[in-house]
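As structure tokens, the structure follows; a few thoughts come after it.
Values quoted throughout were computed directly from the atomic coordinates according to the rules given, and no laboratory measurement underlies them. Values in this document were obtained by computation on a predicted structure and should not be read as measured data. Because the Cβ atoms are built from the backbone with ideal geometry, glycine has one as well, and the counts that use them run over all protein chains shown.
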Amino acid sequence: MRRVWLAAPALLALAAAPARDADPWSRLPRVLARIQAPRFPARDVLITEHGAVADGSDATEAFRAAIAACSRAGGGRVVVPPGEYLTGPIHLKSRVNLHLQKGALVRFVTDPARYLPPVLTRWEGVELMGYSPLIYAFEQESIAVTGEGTLDGQAGPDRWWSWRKDGPESQKPDRTRLFQQAEAGAPVAERVYGAGHYLRPPFLEPYRCRNVLIEGVTIRSSPFWVIHPVLCRNVTVRNVTVVSHGPNNDGCDPESSSDVLIEGSVFDTGDDCIALKSGRNADGRRLNVPVERVVVRRCRMRAGHGGVTIGSEISGGARDVFVERCEMSSPDLERGIRVKTNAMRGGVVENLFVRDVSIGEVGNAVDVDMLYEEGAAGPHRPVVRNIRIERLDVRKAAYALFLRTLDGSPLQRMVVKDSAFRSVTRGNRIEGVVDLALENVTLLPEAAAQR
């Protein structure tokens, strides 16, 4: 039986999914076979052997020396023993695994001057020369951050996060200027935002790297996006806990990266828990590299703007995304599964497959929005197609389906199957042209669900 309650008028085409999508999950084993965590030589280099003292004093030089020594020797683990350590930015090298033993706490200094000189990074989908990420690797191969310890960015309302607000140290003028430079095609070397500028660095950013592993650690209080692999291949994020409630504190944002596995992790964030990205507007089209072959499984999402999100910096496109066996719930979780784009981003988002996801409490359970931010004010019409959601169980939501399209950009081939939406207070909101197939879908308003 199909019971569907539509709370808003919509132009719907109810149709079966194409035959070629009858079993999209048959592709998953081939995707997973491409993702292999790197291995490292059986060699340990302790930071305490290079001058670090586990008393909270500054160990920046010890981290640098230990990483350099490990790299010269051919690679291995740079080990952080139990205790507390303070450091500036950590730059990883090929074949080096930064390993935090249980009881290790690494705090990062909050003086922006310590994160200079500028490095090549990507800020809200635009390349620039900016503050170094707290942990950074550029064009390295086989790198890792592992262990049972904690990484603390020490960001807070008066450190880093204050740049999000108005005032003499506001990111707004720099953000506007950077986006203008990108639209004008200014060379990246001329987009320099170091001393005297206010674009916050991400926490952990491998840039143009291959074979990346982030496993086991707890990360908290990030200045900006937390885990941000950019233009990387073969990335594994496993059993990580992210607790960071600052502005734009996305948990994990693979950007223009391929063959990515995110599993067994917990995200409790101030923005999207997981957000797949591929560059913003003209700069995203300049690089034109999609985020693709991404698997998210067995993760837990708590507070955040979205559980699993694609966009909004998605001009390079996204494809072949698999989400399964995840749990999401919080009165502060605004959306469950989300695609956000607009006519300035453009790009093609296709082949999003979701199954066996449980949502306890959420704002919008499934949200596809082509009118995000700039909305229709642009010439680059986005394409969103081939979304299949199966066995989605939602216990409480404002909207079950929140779908908004642009004129000339219909939502193509979306299937919701064998799913239940309970205690829905506002029904569905569907605007525009939507090709939607509902198969064995139950939607109960709040009053009916409580009977």
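Descriptive notes on the structure:
- Phi-based couplings in Hz for segment 320-333 (Karplus 6.51, -1.76, 1.60; Gly and Pro marked x): 6, 10, 10, 10, 8, 6, 9, 10, 10, 5, 4, x, 9, 8
- Cα→Cβ-extended label distance, 7 Å offset, between Lys417 and Asp332, nm: 3.7
- Loop-located GluC sites (Glu not before Pro) in segment 128-163 (DSSP state not H, G, I, E or B) with no more than 13 neighbouring Cβ atoms inside 10 Å: Glu139.
- Shown is the FRET efficiency for Arg34 and Glu374, computed with R0 = 45 Å from the Cβ-Cβ distance and rounded to the nearest 0.05: 0.80.
- Computed extension gain for Ala184 through Ser358, at 0.36 nm per residue and net of the alpha carbon distance, reaches 58.2 nm.
- Take every DSSP beta bridge whose two residues both sit in segment 146-257; close to 5 percent of them are antiparallel.
- The chain - mean residue ellipticity at 222 nm from DSSP helices (-39,500 (n - 2.57) per run, n ≥ 4, rounded to 500): -2500 deg cm²/dmol
- Arg395-Glu439 FRET efficiency (beta carbon distance; Förster radius 22 Å; 0.05 resolution): 0.60
- A simple charge model with +1 on the Cβ of Lys and Arg, -1 on the Cβ of Asp and Glu and nothing else charged puts the dipole of segment 36-216 at about 380 debye relative to its Cα centre.
- Placing +1 on the Cβ of every Lys and Arg and -1 on the Cβ of every Asp and Glu, with no other charges, gives the chain a dipole of roughly 980 debye about its Cα centre.
- Summed residue charge, Cβ within 15 Å of Ser257's Cβ, Lys/Arg positive, Asp/Glu negative: -3
- In percent, rounded to a whole number, the relative contact order of the chain is 12, using alpha-carbon pairs under 8 Å and six or more apart.
- Net lengthening on full extension, Asp23/Asp166 (0.36 nm per residue, minus Cα-Cα): 46.5 nm
- Exceeding the 25 Å Cα-Cα cut-off - candidates Lys165/Lys396; Lys93/Lys172; Lys172/Lys277: Lys165/Lys396; Lys93/Lys172
- Net length available on complete extension from Val192 to Ala42 is 50.0 nm, with 0.36 nm assigned per residue and the Cα-Cα distance removed.
- Beta-bridge orientation, the chain: approximately 5 percent antiparallel, per DSSP, counting only bridges with both partners inside.
- Of the Cα atoms belonging to segment 36-216, the radius of gyration and Dmax stand at 17.1, 51 Å.
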